[in-house]
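Structure record follows, encoded as structure tokens.
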Amino acid sequence: MTAEKLDLMITDERIVDKIYLIRNQKVMLDRDLAELYGIETKRLKEAVKRNLFRFPDDFMFELTDSEFSILRSQIATSSWGGSRYLPMAFTEHGVLMLSSVLNSKQAISVNIQIMRIFTRIRQMLTDTLSLKLEIQEIREKVQNQDKNIELVFNYLDELMTKKENLNPRKQIGFKTNN
């Protein structure tokens, strides 16, 4: 099976649905990766454990019981049953490292697709951040304009008040007796 045919079988949406935010990191779980790679989760975990030195904590970590139960409740599926071990969560770098541990063509092809998706997600976050900064800049300008407009109205109110409180001035010049 060629890489192009495999890419058509695994849609980007299917991969994106398997990216979770855990410990403020975008991660993919061992069972989802194994499914995408076309291998058993047990085989993926074995390959990782044989090469544990390649997976520091910022590449891969094991979920805690509470994280796993929260994740299970969010997914709301019963297919999680039967697992004796807590899932491993792989960050973007951990997923990349998996391609050096799993040498199948399918694993490499899927990893390339996953890396492209992570890159697009990162770009979208960057675009979103710059958009937020621009919005904040506009808000600050509008707030300053509001303050300036309020100041102008205060000055106008002061001028109107002064004009109302003025005593009639004594006129100078030629007076007529009427």
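The values are calculated or read from the model by the stated rules, or taken from the named source; none is laboratory data. Treat the numbers as computed from the prediction; the structure is a model and nothing was measured. Positions of Cβ are backbone-derived with ideal geometry, glycine not excepted, and every protein chain shown enters the neighbour counts.
This table checks each residue for (1) within 30 Å of Pro56 (Cα to Cα); (2) surrounded by 12 or more Cβ atoms within 10 Å (Cβ to Cβ).
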{"site": "Pro87", "(1), (2)": "yes, yes"}
{"site": "Met97", "(1), (2)": "yes, yes"}
{"site": "Gln113", "(1), (2)": "yes, yes"}
{"site": "Met124", "(1), (2)": "yes, no"}
{"site": "Ser130", "(1), (2)": "no, no"}
{"site": "Leu151", "(1), (2)": "no, no"}
{"site": "Met160", "(1), (2)": "no, no"}
>> Could you check segment 50-82 and list, in sequence order, the residues that are at pLDDT 90 or above and either in contact with a His (Cβ under 8 Å, 6 or more places away or on another chain) or acidic (Asp, Glu) (or both)?
In response: Asp57, Asp58, Phe59, Glu62
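Only one of Met97, Met115 is in a helix (DSSP H, G or I), under 19 Å from Asp12 (Cβ atoms) and not small (Gly, Ala, Ser). Can you tell me which? Let's see the steps before the verdict.
On the way: Met97 fails: under 19 Å from Asp12 (Cβ atoms).
Going through Met97, Met115 in turn, the sole match is Met115.
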> Within segment 95-115, how many residues turn out to be without any contact (Cβ under 8 Å) to a residue 40 or more places away in the chain and under 24 Å from the mean Cα position of the chain (by Cα)?
Replying inline: 3
>> With the requirement that a residue be under 36 Å from the mean Cα position of the chain (by Cα) and acidic (Asp, Glu), what does segment 128-178 give you?
In response: Glu134, Glu137, Glu140, Asp146
> Counting only residues that are surrounded by fewer than 16 Cβ atoms within 10 Å (Cβ to Cβ), under 19 Å from Leu71 (Cβ atoms) and of a type outside the set (D, E, K, R), which one in segment 10-54 is farthest from the chain's Cα centre (by Cα)?
Replying inline: Val16
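One line per residue, one yes/no per condition, for (1) modelled with pLDDT under 80; (2) farther than 23 Å from Arg122 by Cα:
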position	(1), (2)
Arg14	no, no
Ile19	no, no
Val48	no, yes
Arg84	yes, yes
Asn103	yes, yes
